[in-house]
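**Student:** Supplied in structure tokens, the structure appears directly below.
The values are calculated or read from the model by the stated rules, or taken from the named source; none is laboratory data. Quick caveat: nothing in here was measured; it's all calculated off a predicted structure. For neighbour counting, all protein chains shown are included, and Cβ atoms are generated from backbone atoms with ideal geometry for every residue, glycine included.
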Amino acid sequence: MTAVLQVIGRPLQTTAAPLGIVSFELAGTLATSQTMIASWDSSAQLHAAFSLGLDYLYMPLYAVAVALACVRTAATSLRSPQAAASLGLLLAWGLGLAALLDALENAALWQVLQGSAAAAWPVVARCCAIVKFALVLAGLFYAGAGSALYLFKKARGY
């Protein structure tokens, strides 16, 4: 699904939006968002709309996948110390919050894409995106680091 969204989002990469939809998510101001939209032709704007819609299917997929990775890491790799395992469980719940924030972010971006002149929408989208990315990256880092530690311990015979 990640690869599909990247292909769909490729036409959104312009000078005004070098990271495509991610640039749009993090724009933060109405003027910046409008500049990005203006840099997209009508086909690219359809790609943006489709990407926002398809992302609603992606949200539970990434949230559950990363949450399960955190739970598995907490259960197997980091049983001790207890604080490290508890962090994994907390991050797993945080992934649910990340998906909810992603949904709110997309609703705000949809308003901007549809021509809303409300300055609050890009701010809402940016705030949601920052927290969402932080939670997802923290979950991925936790699961990756815990898995690496598990493999290291296993190779050492611990």
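**Student:** Does segment 15-25 hold any residues that are crowded, with 17+ Cβ neighbours inside 10 Å and either not small (Gly, Ala, Ser) or not in a helix (DSSP H, G or I) (or both), and which are they?
**Tutor:** ALA16, ALA17, GLY20, ILE21, PHE24, GLU25
**Student:** Same structure, new question: Filter segment 26-43 down to residues that are surrounded by fewer than 18 Cβ atoms within 10 Å (Cβ to Cβ) and of a type in the set (Gly, Ala, Ser) and give me whichever is nearest to ALA129 (Cα to Cα).
**Tutor:** By that ranking, first place goes to GLY28.
**Student:** For segment 26-52, name all the residues that are assigned to a helix (DSSP H, G or I) and either without any contact (Cβ under 8 Å) to a residue 24 or more places away in the chain or aliphatic (A, V, I, L, M) (or both).
**Tutor:** Passing the criteria: LEU30, ALA31, THR35, MET36, ILE37, ALA38, SER42, ALA44, LEU46, ALA48, ALA49, LEU52.
**Student:** Another question, if that's okay. Just to be sure I understand, how many residues within segment 44-60 are surrounded by 15 or more Cβ atoms within 10 Å (Cβ to Cβ) and among the aromatic types (Phe, Trp, Tyr)?
**Tutor:** Number satisfying all stated conditions: 1.
**Student:** Here is a further query. Looking at segment 63-84 only, could you name the residues that are part of a helix (DSSP H, G or I) and surrounded by 20 or more Cβ atoms within 10 Å (Cβ to Cβ)?
**Tutor:** ALA63, VAL66, ALA67, ALA69, CYS70, THR73, ALA74, SER77, listed by residue number.
**Student:** Take segment 79-133 and flag every residue that is at pLDDT below 95 and in contact with a Phe, Trp or Tyr (Cβ under 9 Å, 6 or more places away or on another chain).
**Tutor:** ALA84, LEU87, GLY88
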